Structures are given as structure tokens and as C-alpha cells.
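Take a look at the structure below.
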Amino acid sequence: MRLGVLDVGSNTVHLLVVDAHRGAQPVPARSRKVELRLAEAIDVDGNVSRRGSDALIKVVAEARREADELDCDELLAFATSAVRDAGNSSRVLKQVAKEAGVALNVLSGEDEARLTFLAVRRWFGWSAGNLISLDIGGGSLELAVGTDEEPQRAFSLPLGAARLTRDWFAHDPPSKSEVAALREYVESELAHPAKLLIEEAPPDRVVATSKTFRTLARLAGAAPSSEGPRARRLLSRTGLTQVTSFISRMASSDLAELDGVSVGRAHQTLAGAVVAAAAMDALDVDELELCPWALREGVILRRLDWLDGR
């Protein structure tokens, strides 16, 4: 069957169309991203602005038309942190359903963590053992741990790169005091969840997903995207320290010129690096392995499991 997955995230709206059936790897047929930066369209009252909601409706309507043109049997549409946390979330969802013809399912933070964990587990298999997954999004950080396909623990923290950049950095590049204050905050938010993730047994593998981690790994010397999803990519704590020191002195316009850094996310990269470093320190790991599958693939896999009656 052909499935369309529409992911309304804090940074991008991503339509992924795959051909999939039970027992087979989902094969991408089309991938289309629009950098909407919805997390930055949140006003001082915590609501999605009129500009933001209008842009969202337009992009979702375009994605629905494209999914129809590609003969998708089903469109799985969901929204994450930016819509979930907005004060006017209900109104925005009703507008999208009425004007774009798409009913967005709002995932909880814990569901995000669990579905991402499922995707990571399926990619690496049972040989990964006791697995921890990390995913830095625009609005939140998801963490999960377990030895099965369903994690034993799953957390979602308000530590997304876009959210932190918006709330903590007033300058470009940020001042040393701004970075230090953010680091202290992130460490305090991570301390207890990280302790719970590793309290029963040390992880056999710690895996990172998301564009933020891929960008940091590329800056630290990992293989470029042109080498394909199966190229092994690692991010070491030492490499991350060097990258953070380097980019902390750069304006986002200069950072955007580096290989692997997108123009729309360049200004968020440093905040993402702060979160990544704090997570590695809290979990006491020296190296992360990157996984090309994440939340969207988790949604697809869960849907296929439902079709199988599992």
C-alpha cells in the first residue's frame, strides 16, 4: 500500500510518501519539506500567530493535494510540540481541518518518544540490546530506553532547539553568559530523567536521531548525506566539544554557509549542541550513533503493525 505521512513539526512540515507492506522495509516514493518554523510563530501569549496559522493551512493543503496526486491509500497526519503546546491549539486544528481538509492528530510528547524508539529499534534490531534513543526537535527533546520494541521509560522535555533559541538567546551569536545560562537550565531539566533512564542497567547502545544531531555530526566530520542512509555516522563527545566551541563564535549567516547546515536552522544549531552535550554528560556516554529513521518511520511502522492486527 502507499502511505503518506504528514509531519507538522516545530521547524518543518514534511510530507513523506512510502510504498509499504507487512514484513518489508518502507520504500520512500516522495519526500517534500517546507521550513515553516512554526515554533517561531508563537506570540507573547503562547499562541500560534495569525501569520503562522495561515501559513500552516496553506502548506497542509498543498501536502494533501500532493498526497492525492500520488494516489496515497491513506494520509497519516500529525502535529508535535509547536501545535501541542500552543494556547490556541484547538482553534488552529479546527481551522486546518476546515480549510485544508486534513485532521491533524496531536501526538503527546511521550508518544513521540515511543514511536521514535520503535523506529530506532527496528533499524538496529535486537542486537542493539538495552537501547537509549535521543531526538532533538524544534520544540522538545525525546528520550526513551528499553530492551524491547516498546520502551520501559519514555520522556519528552521542553528542550527543543528552536524553543531554546527563541527563549534564551537575544544575540547572534549569543553571548557567553547566554550560553552559560542555557547550559545550566538544560542540565537541571535533564538530571532526573537521565538518572531514571540508566538506573537499572547501563545502555548497550545510545542512538541519536533528528536533523539537529545529523548537523552536529556532519560538522564533527561524519559522512555527508550523499553517502546514503546506511553509512555509519557517529558523534563523539570530544567532537561535539570542538564543534560547539567553533560555532559559538559564529553568526548564523556564516554558520549557514558550512556543509551540512541548513539556512533555516543555522541559528538553532548552537542551542542544539548545548542540549546534545548535556544529554551525553547526563547519560555518561562518550559517543552517539546516528539513526536515519525517526518519528515518521515510527508512525509508518506502527500503522503497518495495526494492519497486521498486532
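The values are calculated or read from the model by the stated rules, or taken from the named source; none is laboratory data. On a predicted model such as this, the values are computed, not experimentally measured, just so you know. Neighbour counts run over all protein chains shown; Cβ positions are idealised from the backbone, glycine included. Surface areas here come from the heavy atoms of the whole protein model, side chains and all, with no ligands, DNA or RNA. Shrake-Rupley method; radii C 1.70, N 1.55, O 1.52, S 1.80 Å.
The table below lists the values:
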quantity	calculated
Subset of segment 151-172 (residues that are within 19 Å of the chain's Cα centre (by Cα) and of a type outside the set (A, V, I, L, M))	Pro151, Arg153, Phe155, Ser156, Pro158, Gly160, Arg163, Thr165, Arg166, Asp167
Residue within segment 284-294 that is surrounded by 17 or more Cβ atoms within 10 Å (Cβ to Cβ) and aromatic (Phe, Trp, Tyr) present	yes
Long-range neighbours under 6 Å by Cβ, at least six apart or interchain, first residue more than 15 Å from Thr147 (Cβ to Cβ) within segment 191-208, second assigned to a strand (DSSP E or B) and open to solvent by less than 40 Å² (accessible area, probe 1.4 Å)	Ala208/Leu134; Ala208/Leu288; Ala208/Leu290
Selection status of Ala194, among the hydrophobic types (A, V, I, L, M, F, W, C), assigned to a helix (DSSP H, G or I) and within 22 Å of Phe124 (Cβ to Cβ)	yes
Test: residue in segment 128-140 that is free of Cβ contacts under 8 Å to residues at least 60 places away in the same chain, open to solvent by 10 Å² or more (accessible area, probe 1.4 Å), at negative phi and more than 20 Å from the chain's Cα centre (by Cα)	no
Any hit, segment 223-231, residues being open to solvent by less than 20 Å² (accessible area, probe 1.4 Å) and among the hydroxyl-bearing types (Ser, Thr, Tyr)	no
Asn11 vs. criteria in contact with a Gly (Cβ under 6 Å, 6 or more places away or on another chain) and either modelled with pLDDT of 95 or more or buried (at least 21 other Cβ atoms within 10 Å of the Cβ) (or both)	yes
Qualifying strands (runs of 3 or more DSSP E) (wholly inside segment 1-65; at least 1 residues being among the basic types (Lys, Arg))	2-8, 27-35
Any strands (runs of 3 or more DSSP E) falling wholly within segment 112-187 and containing at least 1 residues that are within 25 Å of Ala231 (Cβ to Cβ)	131-136, 141-146
Test: residue in segment 203-210 that is more than 16 Å from Leu141 (Cα to Cα) and among the hydroxyl-bearing types (Ser, Thr, Tyr)	no
